[in-house]
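The values are calculated or read from the model by the stated rules, or taken from the named source; none is laboratory data. All of these numbers come straight from a predicted model, not from anything done at the bench. Ideal geometry is used to build each Cβ from the backbone, glycine not excepted, and the neighbour counts take in all protein chains shown.
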Amino acid sequence: MMQNRTPSIFKDAPDAAGFIPRNNSLAGSVYEAIFAQLMSLKIPPGARINVDNLVRELNVSQTPIREALGRLAGEGLVVKTHLIGYSAAPQIARRRFDELYHLRLLLEPDSAARAAIAMDDEKLKILREAAGVMGRRDGTDERVRYSTFARQDAMFHDRILEFAGNELIRETLNHQHTHFHIFRLMFHSRVTEEALDEHEALLDAFAAADPAAAEKAMRVHLEHSRDRLLPAFD
Ligand SMILES: [Zn+2]
């Protein structure tokens with residue numbers, strides 16, 4: 001459940017993108033630092049990623065940086081080009097964005113209704129923890145909070161799909177790395193604050209085990225999420 005918590009190195013760090021203390025989870029810390037830079041657009045979509053610059057900036061050797069970049073490539077956030085090196089994945093096109101939300105709106109409201117029918121205390125507890133609502137405004141660095149929420153949002157939606165019980169739908173949406181691409185469109189606290197309110201509405205529907213309310217809350221959440229991010233294409 002590591003993804004549910006703010007990574008430990010960031011607890012005392014004044015600037016998440018800065019110096020990384022050496023500890024036994026160095027590879028994970030380096031990964032989190034670069035992930036935060038990608039999600040918060042400090043490294044913009046399509047930009048070259050200079051390994052030597054990261055070596056200096058994070059004060060670590062090339063090895064954990066190359067490891068992290070390899071892992072990020074597997075998640076679709078980084079592209080490695082022969083003889084050129086690493087760059088941030090390009091921003092998704094407007095057409096792809098529309099297709100993604102069309103797909104999500106077809107699948108996720110129905111899944112939320114099914115999850116509400118299957119709801120029990122244990123599942124509700126898991127969703128409450130995954131929703132990200134409890135960690136609001138805890139004073140963490142803005143870039144880290146944004147990237148943490150992007151991952152939490154991915155997990156929250158994935159858990160709902162898991163409880164809905166259709167593994168093919170779950171795999172299909174997972175395969176798109178939807179949340180990473182969507183959150184990288186815009187770095188703004190409004191994106192997370194409003195989404196957290198909508199997650200609370202979803203949790204209320206799950207707590208009431210009300211499929212109609214869950215379906216509606218998910219539809220509203222996805223439509224608002226889409227509308228919040230549309231200005232990124234202006
Ligand atoms: Zn969400």
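State all residues of region 166-184 that are in a helix (DSSP H, G or I), at pLDDT 90 or above and not charged (D, E, K, R); if no residue qualifies, say none. Steps first, please.
Residues of region 166-184 in a helix (DSSP H, G or I): 167-175, 178-183.
With at pLDDT 90 or above added as a condition, the list becomes 167-173.
LEU168, ILE169, THR172, LEU173, listed by residue number.
Looking at region 39-123, what helices (runs of 4 or more DSSP H) fall wholly within it and have at least 2 residues that are under 19 Å from the mean Cα position of the chain (by Cα)? Even if it seems obvious, please write down each step before you answer.
Details: elements: 51-58, 62-74, 94-117.
In region 39-123, 62-74, 94-117 are the helices (runs of 4 or more DSSP H) which contain 2 or more residues that are under 19 Å from the mean Cα position of the chain (by Cα).
Determine, yes or no, whether PHE149 is assigned to a helix (DSSP H, G or I), at pLDDT 95 or above, within 16 Å of the ligand (Cβ to nearest atom) and not acidic (Asp, Glu). Please lay out each step first, then the result.
Details: assigned to a helix (DSSP H, G or I): yes; at pLDDT 95 or above: no; within 16 Å of the ligand (Cβ to nearest atom): yes; not acidic (Asp, Glu): yes.
Considered against the rule, which asks whether it is assigned to a helix (DSSP H, G or I), at pLDDT 95 or above, within 16 Å of the ligand (Cβ to nearest atom) and not acidic (Asp, Glu), PHE149 comes out as no.
With GLU171, GLU194, GLU200 as the choices, which residue is within 15 Å of the ligand (Cβ to nearest atom) and either closer than 13 Å to ARG104 by Cα or within 16 Å of the chain's Cα centre (by Cα) (or both)?
Values: GLU171 fails: within 15 Å of the ligand (Cβ to nearest atom); GLU200 fails: either closer than 13 Å to ARG104 by Cα or within 16 Å of the chain's Cα centre (by Cα) (or both).
Step by step, each of GLU171, GLU194, GLU200 is checked, and only GLU194 is within 15 Å of the ligand (Cβ to nearest atom) and either closer than 13 Å to ARG104 by Cα or within 16 Å of the chain's Cα centre (by Cα) (or both).
Looking at (1) within 11 Å of the ligand (Cβ to nearest atom); (2) over 18 Å from PHE97 (Cα atoms), which is the one condition that is false for LEU222?
It fails just one condition, (2).
For ALA217, indicate whether it is more than 16 Å from the chain's Cα centre (by Cα) and within 26 Å of ALA33 (Cα to Cα).
Details: more than 16 Å from the chain's Cα centre (by Cα): yes; within 26 Å of ALA33 (Cα to Cα): no.
Spelling it out, it is not the case that ALA217 is more than 16 Å from the chain's Cα centre (by Cα) and within 26 Å of ALA33 (Cα to Cα).
Taking the condition of being loosely packed, with under 14 Cβ neighbours inside 10 Å, in contact (Cβ under 8 Å) with a residue 24 or more places away in the chain and among the β-branched types (Val, Ile, Thr), how many residues in region 27-83 meet it?
Residues that pass the stated criteria total 1.
Among the listed residues PHE163, PHE187, PHE156, identify the single one that is more than 10 Å from the ligand (Cβ to nearest atom), more than 15 Å from LEU105 (Cα to Cα) and either under 16 Å from the mean Cα position of the chain (by Cα) or not in a helix (DSSP H, G or I) (or both). I'd like the intermediate steps shown before the answer.
Numbers: PHE163 fails: either under 16 Å from the mean Cα position of the chain (by Cα) or not in a helix (DSSP H, G or I) (or both); PHE156 fails: more than 10 Å from the ligand (Cβ to nearest atom).
Result of the check over PHE163, PHE187, PHE156: PHE187.
Search region 96-110 for residues that are assigned by TED's automatic domain parsing to the domain that holds ASN166 and pair each with any residue that is among the basic types (Lys, Arg) when their beta-carbon atoms are under 6 Å apart and the residues are at least 6 apart or on different chains.
Short answer, once both residue conditions are applied: TYR101/ARG226; PRO109/ARG219.
What is the one condition in (1) in the same structural domain as ILE84 (by TED's automatic domain parsing); (2) in contact with a Pro (Cβ under 8 Å, 6 or more places away or on another chain); (3) modelled with pLDDT under 90 that SER40 does not satisfy?
(2)
Would you please list the contacts, defined by Cβ atoms under 9 Å and residues six or more apart or on different chains, that run from a residue in region 213-233 that is assigned by TED's automatic domain parsing to the domain that holds HIS181 to a residue that is within 11 Å of the ligand (Cβ to nearest atom) and aromatic (Phe, Trp, Tyr)?
So the pair list comes out as LEU229/PHE183.
Can you name the number of the only condition in (1) surrounded by 20 or more Cβ atoms within 10 Å (Cβ to Cβ); (2) in contact (Cβ under 8 Å) with a residue 60 or more places away in the chain; (3) not hydroxyl-bearing (Ser, Thr, Tyr) that GLU129 fails?
For GLU129, the failing item is (1).
What number of residues within region 146-169 satisfy the criterion of being free of Cβ contacts under 8 Å to residues at least 40 places away in the same chain and either surrounded by 20 or more Cβ atoms within 10 Å (Cβ to Cβ) or among the hydrophobic types (A, V, I, L, M, F, W, C) (or both)?
Residues flagged as free of Cβ contacts under 8 Å to residues at least 40 places away in the same chain and either surrounded by 20 or more Cβ atoms within 10 Å (Cβ to Cβ) or among the hydrophobic types (A, V, I, L, M, F, W, C) (or both) within region 146-169 amount to 2.
Any idea which residue in region 208-219 is nearest to LYS123 (Cα to Cα), counting only those that are hydrophobic (A, V, I, L, M, F, W, C), surrounded by 15 or more Cβ atoms within 10 Å (Cβ to Cβ) and away from the ligand (no atom under 15 Å from the Cβ)? Walk me through it before giving the result.
Restricting attention to region 208-219, the residues satisfying the condition of being hydrophobic (A, V, I, L, M, F, W, C) are 208-209, 212-214, 217-218.
Now restrict to residues that are surrounded by 15 or more Cβ atoms within 10 Å (Cβ to Cβ): 209, 213-214, 217-218.
Subset that is away from the ligand (no atom under 15 Å from the Cβ): 209, 213.
Values: ALA209: 11, ALA213: 17 Å.
Per the stated criteria, the residue is ALA209.
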